[in-house]
Amino acid sequence: MIFVMDVGNTNIKCGMFQGNVLVHSFRMTTDIDATSDQYGIQMIDFFSYLEHTPMDIEGIIVSSVIPSLNYTLDHMSREYFKKKPMFVGPGIKTGINIKYDNPKELGTDRIVNAVGAYELFGGPVITIDFGTATSFGAISAKGDFLGGAICPGLRIASDALTENTAKLPRIELKRPETVINKTTVTSMQSGIIYGYVGQVQYIVEKMQAEMGGAKVVATGGFSELIAQETNCIDEIIPTLTLIGLNKIYMKNC
């Protein structure tokens, strides 16, 4: 099996692939202060719960937006899995032609999502990753990554509203039944959720106009919540990043 890790600012999403089939997936909290041994023991616990051992793993690939963790995860992989991990970055074959002015600025998670969406649906395609930040990516019919947009994620937007006002409380991010509301909590939920839906629709509309149309594929924790209120999202693939990582590993082996 191939073990893939998507290291985000909040969580590390992990997957175990047998060929193109995702056999298991799990996630753990990202901790920049954790040691390689701490990560290794957590991984072993997950594997044991799933009735697997590190010996079942033939290769490892990592996408990371936290460079300071790369050495830790590299050491963990060598020590606990006896494998040298492959990191998504310069020199890795992706099958995607990056048209960014400076490709080194492009987050590896956005590259991996682009690969996953293009491999699944072809192009043109737009990816939306509802993570800590919400990122939009545009991939042409030829497989060119054209660029995209980045905006604060739903949780960041909600926390900013609370932290920068005296009386507004922390709220659960759920959709209220109406846009017009009569309590502070539901009014905040309305403004954040429905306002975010409007933002997503507008960005997608503008991107599709510039691309001449495109399929829209979403992933990330809040994708289901937003998709309930808009028709601009065609597909929701919760494991899109993991699929992209597996595809990149196969292209390089």
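Taken together, the values in this text are just the output of simple stated rules run on the coordinates, not laboratory data. Model, not experiment: these values are computed from the prediction. Methodologically, a virtual Cβ is constructed for each residue, glycine included, from the backbone with ideal geometry; neighbour enumeration extends over all protein chains shown.
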Which order do the peptides 117-126, 63-72 take when ranked by the mean count of other beta-carbon atoms within 10 Å per residue, highest first?
117-126, 63-72
What is the Cα centroid distance between the stretch 177-205 and the stretch 76-111, reported in whole angstrom?
36 Å
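For each of Thr35, Thr127, count neighbouring Cβ atoms within 10 Å of the residue's Cβ, then give the residues from fewest to most.
Taking fewest neighbouring Cβ atoms as first place, the list is Thr35, Thr127.
Please state the relative contact order of the chain as a whole percent: Cα pairs under 8 Å, 6+ residues apart?
Values: 434 pairs, mean separation 48.2, N = 253.
With pairs under 8 Å counted, the relative contact order is 19 percent.
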Considering every pair of different Cα atoms, what Kirkwood radius, in Å, is found for the stretch 97-245?
16.0 Å
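Could you give the length gained on full extension between Ile32 and Ile171, defined as 0.36 nm per residue of separation minus the Cα-Cα distance, in nm?
The span from Ile32 to Ile171 would gain 47.4 nm if fully extended.
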At a temperature of 4 °C and a viscosity of 1.567 mPa s, determine how fast the chain diffuses translationally according to Stokes-Einstein, using the Kirkwood radius over alpha-carbon pairs as Rh; express D in µm²/s, rounded to the nearest whole number.
67 µm²/s
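How many percent of Cα pairs in the stretch 2-87 exceed 15 Å? The partial results should precede the final answer.
Details: 1932 of 3655 pairs.
Of all Cα-Cα pairs in the stretch 2-87, 53 percent lie more than 15 Å apart.
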